[in-house]
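What follows is a set of notes on a single structure, which appears directly below.
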Amino acid sequence: MPELPEIEVVRRSLQPVLEGALLRVVHVGPHDMRARGKGRTSAGRGAWMGRRELLDGARIDRLERRGKQLAIVAGDGRTLVVQLGMSGQLIAGDCDRTHRHVAWHAERERSRTRVTFRDPRRFGGLSAWASFEAVVRSWDDTLGPDALDVDAARLRLALSGRRSVKAALLDQRAIAGVGNIYADESLHRAGIDPRMRCTRLREDDVIALASAVRHVLGGAVRRGGSTLRDHRAADGSPGDAQQDHQVYGRGGLPCLRCGTPIRTCRLAGRTTAWCPACQPLVHRARREKAHASRGGTVRR
DNA sequence: CAGGTATCCTGTCCGC
DNA sequence: TGCGGACAGGATACCT
């Protein structure tokens, strides 16, 4: 489900429910969540993640986010980091028994709201930390700058190596928060072919791409995220950022800008869509030169 | 090093 | 209507 905009929408919609509330763990499901790698912990019966790690009895101070990671920070420092993976949801309310993994009561002065972590595919996960500072250290080690405030200078550092620009955008260590949808959308807006090697990107490409990433992600947050299937704000309301999509999911259809059929291929293991006319593989300057030497005939 | 592939899962959709 | 296969917003380990 989620890339940065969807996580941010969940964070904002959950804030009024969780901030200042006292959490009580009221349900732990039978399944372990994915628990690979160092420092990861797991919920589920028989798992090594206890109620204390799940913030039982904690007074919630705030919700933080970096890239696609969401942190629930308690007043005593305990922090639960939530990764939604492909199909994870945080819901203000209950959900079907089959995909419910953890449920809390968020108790406020006069109200009590149920909060549920649901994840059909179980690619998501939870990890427990003793302090938010420890989480930040971990994020600093494993994540690049948050994509919402990436600038050209930091993007230039992220777009290193001989790999394709799309592969670099998907690499969370380079920039945090861009996934398959918004990588393609950002590249379309910036007019860059996703297969372009990072080393061949020029300064004006990087400036255009940094601006496109911020614009596309920021716009998607304002639209409530892309609801293709699962994504919902905590209160259950869907987003409509999918209505802004120019290339994602539009393979074979005419480009909304120029009418050229959108092409697709497999890149960095993901389905990739782009407009071959709006996103030339040859750099703009070289293309214009070639164009001039041919006496003005635009050819592919 | 970069890219491909397999893997973890369930749900959905499409063609036969 | 049923069934197999492909595919899905993510991340990672392993191989080439």
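Does residue A:75 satisfy the condition of being of a type outside the set (A, V, I, L, M) and at pLDDT 95 or above?
When the stated conditions are applied, residue A:75 passes them.
Could you say whether any residue in segment A:214-224 is touching a Leu at 6+ places or on another chain (Cβ under 7 Å), among the aliphatic types (A, V, I, L, M), without any contact (Cβ under 8 Å) to a residue 60 or more places away in the chain and outside any loop (DSSP other than H, G, I, E, B)? So that I can check it myself, show each step before the final result.
Residues of segment A:214-224 touching a Leu at 6+ places or on another chain (Cβ under 7 Å): A:214, A:217-218.
From what's left, among the aliphatic types (A, V, I, L, M): A:217.
Add one more test, that the residue is without any contact (Cβ under 8 Å) to a residue 60 or more places away in the chain, and what stays is none.
Looking through segment A:214-224, none of the residues is touching a Leu at 6+ places or on another chain (Cβ under 7 Å), among the aliphatic types (A, V, I, L, M), without any contact (Cβ under 8 Å) to a residue 60 or more places away in the chain and outside any loop (DSSP other than H, G, I, E, B).
Given the condition of a type in the set (D, E, K, R), modelled with pLDDT of 95 or more, in the same structural domain as residue A:84 (by TED's automatic domain parsing) and not in a loop (DSSP other than H, G, I, E, B), answer yes or no: does some residue in segment A:202-209 qualify?
no
Specify the residue that is farthest from DNA strand C (Cβ to nearest atom); the eligible residues are those in segment A:202-261 that are under 17 Å from residue A:185 (Cβ atoms) and of a type in the set (Val, Ile, Thr). Before you say what the answer is, go through the steps one by one.
If we filter segment A:202-261 for residues that are under 17 Å from residue A:185 (Cβ atoms), which is where we start, we get A:205, A:208-228, A:231, A:239-251, A:253-258, A:260.
Those still in the list that are of a type in the set (Val, Ile, Thr) too: A:213, A:216, A:221, A:227, A:247, A:260.
On the way: A:213: 14, A:216: 14, A:221: 13, A:227: 6, A:247: 12, A:260: 21 Å.
So the residue we want is A:260.
Specify which of the listed residues (A:164, A:160) is away from DNA strand C (no atom under 15 Å from the Cβ) and of a type outside the set (Val, Ile, Thr). Don't jump to the end; show me each part of the working.
Values: A:164 fails: away from DNA strand C (no atom under 15 Å from the Cβ).
Exactly one residue qualifies, and that residue is A:160.
Applying the selection to segment A:76-115, what residues are polar (S, T, N, Q) and free of Cβ contacts under 8 Å to residues at least 40 places away in the same chain?
The first filter runs over segment A:76-115 and keeps only residues polar (S, T, N, Q), leaving A:79, A:83, A:87, A:89, A:98, A:111, A:113.
Answer for segment A:76-115, where residues must be polar (S, T, N, Q) and free of Cβ contacts under 8 Å to residues at least 40 places away in the same chain: A:98, A:111.
Residues are listed down the side, and each one gets a yes or a no for (1) assigned by TED's automatic domain parsing to the domain that holds residue A:72; (2) part of a loop (DSSP other than H, G, I, E, B); (3) more than 16 Å from DNA strand B (Cβ to nearest atom); (4) more than 20 Å from residue A:33 (Cα to Cα):
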| position | (1), (2), (3), (4) |
| --- | --- |
| A:85 | yes, yes, no, no |
| A:90 | yes, no, yes, no |
| A:103 | yes, no, yes, no |
| A:120 | yes, yes, no, no |
| A:128 | yes, no, yes, no |
| A:134 | yes, no, yes, yes |
| A:137 | yes, no, yes, yes |
| A:156 | no, no, no, yes |
| A:178 | no, yes, no, yes |
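Being more than 20 Å from the chain's Cα centre (by Cα), more than 11 Å from DNA strand C (Cβ to nearest atom), of a type outside the set (Ser, Thr, Tyr) and modelled with pLDDT under 95 is the requirement here; does residue A:110 meet it?
Numbers: more than 20 Å from the chain's Cα centre (by Cα): yes; more than 11 Å from DNA strand C (Cβ to nearest atom): yes; of a type outside the set (Ser, Thr, Tyr): yes; modelled with pLDDT under 95: yes.
Yes; evaluated as a whole, the condition is true for this residue.
Run down A:1, A:49 and say which single residue is at pLDDT below 95 and closer than 30 Å to residue A:220 by Cα.
On the way: A:49 fails: closer than 30 Å to residue A:220 by Cα.
Unique residue meeting the criteria: A:1.
Which count do you get for residues in segment A:182-195 that are crowded, with 22+ Cβ neighbours inside 10 Å and either more than 23 Å from residue A:242 (Cα to Cα) or in contact with a Lys or Arg (Cβ under 8 Å, 6 or more places away or on another chain) (or both)?
Final tally of qualifying residues: 4.
Does residue A:152 count as within 22 Å of residue A:214 (Cα to Cα) and crowded, with 21+ Cβ neighbours inside 10 Å?
no
Please go through segment A:105-118 and give me each residue that is acidic (Asp, Glu) and outside any strand (DSSP E or B), ordered by number. It would help to see each step written out before you state the result.
Start the filter on segment A:105-118 by keeping residues that are acidic (Asp, Glu), which leaves A:107, A:109.
Hit for segment A:105-118 is A:109, nothing else.
Here's a check for you: in segment A:46-83, which residue that is over 17 Å from residue A:135 (Cβ atoms) and in contact with a strand residue (DSSP E or B) (Cβ under 8 Å, 6 or more places away or on another chain) is farthest from DNA strand B (Cβ to nearest atom)? It would help to see each step written out before you state the result.
Going through segment A:46-83, the residues over 17 Å from residue A:135 (Cβ atoms) turn out to be A:46-48, A:50-51, A:56-57, A:59.
Among the residues that remain, those that are also in contact with a strand residue (DSSP E or B) (Cβ under 8 Å, 6 or more places away or on another chain) are: A:47-48, A:51, A:56-57, A:59.
Numbers: A:47: 13, A:48: 16, A:51: 23, A:56: 26, A:57: 30, A:59: 34 Å.
The qualifying residue farthest from DNA strand B (Cβ to nearest atom) is A:59.
Among the candidates A:80, A:54, which residue alone is part of a loop (DSSP other than H, G, I, E, B) and out of contact with any Lys or Arg (no Cβ under 8 Å at 6 or more places or on another chain)? Steps first, answer last, please.
On the way: A:80 fails: part of a loop (DSSP other than H, G, I, E, B).
Just one listed residue meets the conditions, A:54.
Might you check whether a residue that is touching a Phe, Trp or Tyr at 6+ places or on another chain (Cβ under 7 Å) and farther than 30 Å from residue A:19 by Cβ occurs anywhere in segment A:178-186? Let's see the steps before the verdict.
Of the residues in segment A:178-186, the ones touching a Phe, Trp or Tyr at 6+ places or on another chain (Cβ under 7 Å) are A:181, A:184-185.
From the residues that got through so far, the ones that are farther than 30 Å from residue A:19 by Cβ too are A:184-185.
Yes: one or more hits.
The values are calculated or read from the model by the stated rules, or taken from the named source; none is laboratory data. Since the model is a prediction, treat every value here as computed from it, not as a measurement. So basically every Cβ, Gly included, is an ideal-geometry build from the backbone, and we count neighbours across all protein chains shown.
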